[in-house]
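Asks: Let me begin by handing over the structure; questions about it come next.
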Amino acid sequence: MSDSVLEPTPQISQRMYERITALAYERCGVDLRRGKEQLVSVRLGKKMRESGCKSYESYFEQVEQDRTGETLIAMIDALTTNYTSFLREGAHFAYMKEHVLPKLEKRERLEIWSAASSTGEEIFSILFTILDHFSWAPDSPEAARRLKVRGTDISTRALRAAQAGVYAEERLEGLPAGWSRRYFLRGTGRQQGQYRVKPEVRKMAEFSRFNLIDPEPDARQYPLILCRNVMIYFDRMTQEKVVRTLTGRLEPEGHLFIGHAESLSGISHSLQYVKPAIFRKPCGAGQESNRGAR
Ligand SMILES: C[S@@+](CC[C@H](N)C(=O)[O-])C[C@H]1O[C@@H](n2cnc3c(N)ncnc32)[C@H](O)[C@@H]1O
């Protein structure tokens, strides 16, 4: 019998709803402040039971009192989704092969940033696409020396999963022929049905926690940043701030990919629209603003 049959989710009070969603907005930019009472009740009801609390009030107290911030991160995790998949939104990977990678061929260092990388499928899709494109074997010293994908997320749980790089067989369905053998180790015995990204490929990924609304401590600039399917949680003001941070981390002529269900319309930014969900930083980019560009 499921939990929900045993214990119906209690309805959250308006006051509690406002306090929880204000905290999520203030600390993580996640905007659930209007009309999401049902979603918040259901998702936090489960969390509340798991943490042994009898009410939303005592759960919220736990979140506020935890100085490590881990309980808050777990709450945000429950309120948002980590849904992702390999080669999600294939148009981005096609564009990358056709327009981005050919220009990076001669570089000694090739670094890309996946800025809300969730459980790692996006990071590894980038790595596999690049290895394939340059015909680098996963264990080639050249790839190890030249290639790095930085994966960041607010969720420590998602980052741990990304770092482990273990995926159920069905997650690999639809990947190009040969990829599972080339890039994964197949689990046996108790790990039957699980695939683990080869260690030499995992070493090309760098994982760290980063909240997109915080100032970016890393001064690197990238020819390509992916920040997909996270901006939907932000209001315009936060989107504008995040895009400004990301633009600062793009090289001139560097590309930003956002989710195809997202848009930069109505926010002020200095990027050029290329095609749906693809933007480019102008060469010699000034601070000119581009309000309303898609
Ligand atoms: C739906 S997943 C998208 C994963 C991947 N980019 C994709 O498109 O498949 C959204 C991710 O954004 C992360 N996230 C939510 N708020 C964030 C924030 N303020 N800073 C960084 N990451 C955040 C979540 O933890 C989650 O892993």
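Asks: Taking residue 26 as meeting all but one of (1) more than 16 Å from the ligand (Cβ to nearest atom); (2) surrounded by fewer than 19 Cβ atoms within 10 Å (Cβ to Cβ), write down the number of the exception.
Replies: It is condition (1) that residue 26 fails.
Asks: Within the stretch 202-217, track down each residue that is among the aliphatic types (A, V, I, L, M) and more than 8 Å from the ligand (Cβ to nearest atom).
Replies: 204, 205
Asks: Also, quick follow-up: Could you tell me which of the residues 250, 264 is more than 10 Å from the ligand (Cβ to nearest atom), over 21 Å from residue 30 (Cβ atoms), crowded, with 18+ Cβ neighbours inside 10 Å and in contact (Cβ under 8 Å) with a residue 12 or more places away in the chain?
Replies: Being more than 10 Å from the ligand (Cβ to nearest atom), over 21 Å from residue 30 (Cβ atoms), crowded, with 18+ Cβ neighbours inside 10 Å and in contact (Cβ under 8 Å) with a residue 12 or more places away in the chain holds for just one of 250, 264, which is 250.
Asks: Let me ask something else. So which residues in the stretch 36-63 are acidic (Asp, Glu) and under 20 Å from residue 157 (Cβ atoms), if there are any at all?
Replies: 50
Asks: If I ask for residues that are of a type in the set (D, E, K, R), under 16 Å from residue 64 (Cα atoms) and in contact (Cβ under 8 Å) with a residue 24 or more places away in the chain, which ones from the stretch 13-36 would you list?
Replies: Across the stretch 13-36, the qualifying residues are 19, 27.
Asks: So how many residues does the stretch 48-58 have that are crowded, with 19+ Cβ neighbours inside 10 Å and free of Cβ contacts under 8 Å to residues at least 40 places away in the same chain?
Replies: The total comes to 1.
Asks: Of all residues in the stretch 232-247, which are of a type outside the set (Ser, Thr, Tyr) and within 9 Å of the ligand (Cβ to nearest atom)?
Replies: First, pick out the residues of the stretch 232-247 that are of a type outside the set (Ser, Thr, Tyr): 232, 234-237, 239-244, 246.
Of everything in the stretch 232-247, those that are of a type outside the set (Ser, Thr, Tyr) and within 9 Å of the ligand (Cβ to nearest atom) turn out to be 232, 234, 242.
Asks: Another question about this same structure. Find the residue count for the stretch 240-294, including only residues that are of a type in the set (D, E, K, R) and modelled with pLDDT under 95. Step through it out loud before you land on a result.
Replies: Pass one, the stretch 240-294, residues of a type in the set (D, E, K, R): 240-241, 244, 249, 251, 253, 262, 275, 280-281, 288, 291, 294.
Keeping just the survivors that are modelled with pLDDT under 95 gives 288, 291, 294.
Number of matching residues: 3.
Asks: Among the listed residues 151, 178, 187, 193, which satisfies the condition of being buried (at least 17 other Cβ atoms within 10 Å of the Cβ) and without any contact (Cβ under 8 Å) to a residue 60 or more places away in the chain?
Replies: Within the list 151, 178, 187, 193, the selection yields 151.
Asks: Given the structure, is residue 105 surrounded by fewer than 16 Cβ atoms within 10 Å (Cβ to Cβ) and either in contact with a Leu (Cβ under 7 Å, 6 or more places away or on another chain) or in the same structural domain as residue 258 (by TED's automatic domain parsing) (or both)? Reasoning before the result, please.
Replies: Working: surrounded by fewer than 16 Cβ atoms within 10 Å (Cβ to Cβ): yes; either in contact with a Leu (Cβ under 7 Å, 6 or more places away or on another chain) or in the same structural domain as residue 258 (by TED's automatic domain parsing) (or both): yes.
So residue 105 fits the description; yes.
Asks: Could you list, in sequence order, all residues of the stretch 64-89 that are away from the ligand (no atom under 12 Å from the Cβ) and under 23 Å from the mean Cα position of the chain (by Cα)?
Replies: Residues of the stretch 64-89 away from the ligand (no atom under 12 Å from the Cβ): 64-71.
68, 69, 70, 71 - these are the residues of the stretch 64-89 that are away from the ligand (no atom under 12 Å from the Cβ) and under 23 Å from the mean Cα position of the chain (by Cα).
Asks: Taking residue 52 as the residue in question, decide whether it is within 16 Å of the ligand (Cβ to nearest atom) and either modelled with pLDDT under 95 or assigned by TED's automatic domain parsing to the domain that holds residue 274 (or both).
Replies: Details: within 16 Å of the ligand (Cβ to nearest atom): no; either modelled with pLDDT under 95 or assigned by TED's automatic domain parsing to the domain that holds residue 274 (or both): yes.
Answer is no for this residue.
The values are calculated or read from the model by the stated rules, or taken from the named source; none is laboratory data. As the structure is a prediction and not an experimental result, all values here were calculated from the model. Counting neighbours? That spans all protein chains shown, and the Cβs are built from the backbone with ideal geometry, glycine included.
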